[in-house]
Amino acid sequence: QGENDPLAAFWMPFTANRAYKAAPRQLVSARGMYYRSADGREILDATAGLWCCNAGHCRAEIVEAIATTAATLDFAPTFQLGHPLPFELAQRLAALMPAGLDRIFFTNSGSESVDTALKIALAVQRARGEGTRTRLIGRERGYHGVGFGGISVGGIGNNRRAFGSGLPGAGHLRHTHDPVRNAFSRGFPAHGAELADDLQRLVDLHGAETIAAVIVEPMAGSTGVLVPPAGYLGRLREICDRHGILLIFDEVITGFGRVGAATAAEAWGVTPDIITMAKGLTNAAVPMGAVAVRRALHDAVIDAAPGGIELFHGYTYSGHPLAAAAGLAALDLYAREGLFARAAELAPHWEEAVHGLKGARHVIDIRNIGLVAGIELEPREGAPGARAMELFHAAFDAGLLIRVTGDIVALSPPLIVEREQIDAMVGMLGALLDGVA
Ligand code: PMP
């Protein structure tokens, strides 16, 4: 550790860093459903990397597209100029989005997509002559990345406290996750509309004329797989429509097949005004994010952009050739292998398998949709998160990669997963839970 530690210079998110220091481990290669660890073991990937390698790892088509493009056009400025790949990718993406969201802004990450979406919402409200609408509403326990906007609207109290109040006027829907009387789990579907009425409470409290936009993950991912109850997203849409508020779905996790459709908007039949994406967009082979917006919003932003769009949304790497090439190859793969439909087809098997853990030691709640599941453990007294972290390490040692967040185990395998691999994942977890104190 310290000065002599060759890894000390590599900054990682501090919690991960702490875990890493306790048990240093590295992944050195990957293929399909598996990673290989530095000590030469195959690790079955139950997390698609970090909810992102939806088509599995190191797929030849994507590797080839990146290599070919790298040798042909390493970079091209997109100010005043262009190159063909992002145009083609934008068209392909627009075709996957709900009808009407056919204008695309490219970014380099989910966090940048969130900041871009919030900026667009504010600019659109101003362009409409609604400049008093500056308030951005998120949700407690929402996660929207680590950009300044994402932290401000995000529902991670510690993040907001660490940076002061963040964006002025950010507000939060208060309903949150309660593992006992779980607002978002399948047990309380009737509460959907009622929960969404919390937005009406904020409108009554602050006045609609102060609120620019609401941002939610249709299904909260990083904070523990909180599946919205029936009616919830639809009611949010209604309230937004009634009060001139823009609705943003952060689909960084739910996009590209995870919930059994191209988008959660499609899966739940609710169309927002803006959708943010990243992760699965390139199958994570090259960092890239995107924001899809309604055409009228796009045009309002372009018309209003101070000093031209490049000073408003001018990331050097927006639409980078390698990312665009990876994106096109990933979308090709998703389509050719029918992976979004495959996630929907496998969902009943997945549901049955993960609910087989009901009654397993420590398990207090199980939630699932598409090919994602959250398995909530009873926290160890006085040491929240410790039990799940112990399970994480035991799973890795046994050859299984899971994601844990607090005391919730999140499972989101690549969409190429086979039924036997699903059974193996769940079987291993059940056995390992028995051994965890
Ligand atoms: N939004 C959501 C819903 C996310 O899950 C994440 C990342 N887990 C982000 C935004 C941030 O994405 P990135 O890490 O690529 O910046």
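Some points to look at:
- Against the test of being under 20 Å from the mean Cα position of the chain (by Cα) and either of a type in the set (D, E, K, R) or surrounded by 14 or more Cβ atoms within 10 Å (Cβ to Cβ) (or both), the options 170, 117 yield a single qualifying residue, 117.
Rundown of residues vs (1) of a type in the set (A, V, I, L, M, F, W, C); (2) away from the ligand (no atom under 16 Å from the Cβ), yes/no style:
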{"site": "195", "(1), (2)": "yes, yes"}
{"site": "198", "(1), (2)": "no, yes"}
{"site": "202", "(1), (2)": "yes, yes"}
{"site": "216", "(1), (2)": "yes, no"}
{"site": "219", "(1), (2)": "yes, no"}
{"site": "224", "(1), (2)": "no, no"}
{"site": "229", "(1), (2)": "no, yes"}
{"site": "232", "(1), (2)": "no, yes"}
{"site": "235", "(1), (2)": "no, yes"}
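- Residue that is surrounded by the most Cβ atoms within 10 Å (Cβ to Cβ) [pool: residues in region 240-261 that are more than 16 Å from the ligand (Cβ to nearest atom) and either assigned by TED's automatic domain parsing to the domain that holds residue 47 or part of a loop (DSSP other than H, G, I, E, B) (or both)]: 245
This table checks each residue for (1) in the same structural domain as residue 40 (by TED's automatic domain parsing); (2) over 25 Å from residue 88 (Cβ atoms).
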site	(1), (2)
315	no, no
347	yes, yes
362	yes, yes
367	yes, yes
397	yes, yes
400	yes, yes
416	yes, no
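- Residue within region 355-368 that is under 18 Å from residue 422 (Cα atoms), in contact with a strand residue (DSSP E or B) (Cβ under 9 Å, 6 or more places away or on another chain) and assigned to a helix (DSSP H, G or I) present: yes
- Counted residues, region 313-337 - those being assigned to a helix (DSSP H, G or I) and either touching a helix residue (DSSP H, G or I) at 6+ places or on another chain (Cβ under 7 Å) or crowded, with 20+ Cβ neighbours inside 10 Å (or both): 14
- Within region 144-162, restricting attention to residues that are farther than 24 Å from residue 244 by Cα and outside any helix (DSSP H, G or I), the residue that is nearest to the ligand (Cβ to nearest atom) is 145.
- Residue tally, condition under 22 Å from residue 47 (Cα atoms) and touching a helix residue (DSSP H, G or I) at 6+ places or on another chain (Cβ under 8 Å), over region 223-248: 1
The values are calculated or read from the model by the stated rules, or taken from the named source; none is laboratory data. Just so we're clear, the structure is a prediction, and the values are computed from it rather than from any experiment. Reconstructed Cβ throughout: ideal geometry from the backbone, glycine too, with neighbour counts over all protein chains shown.
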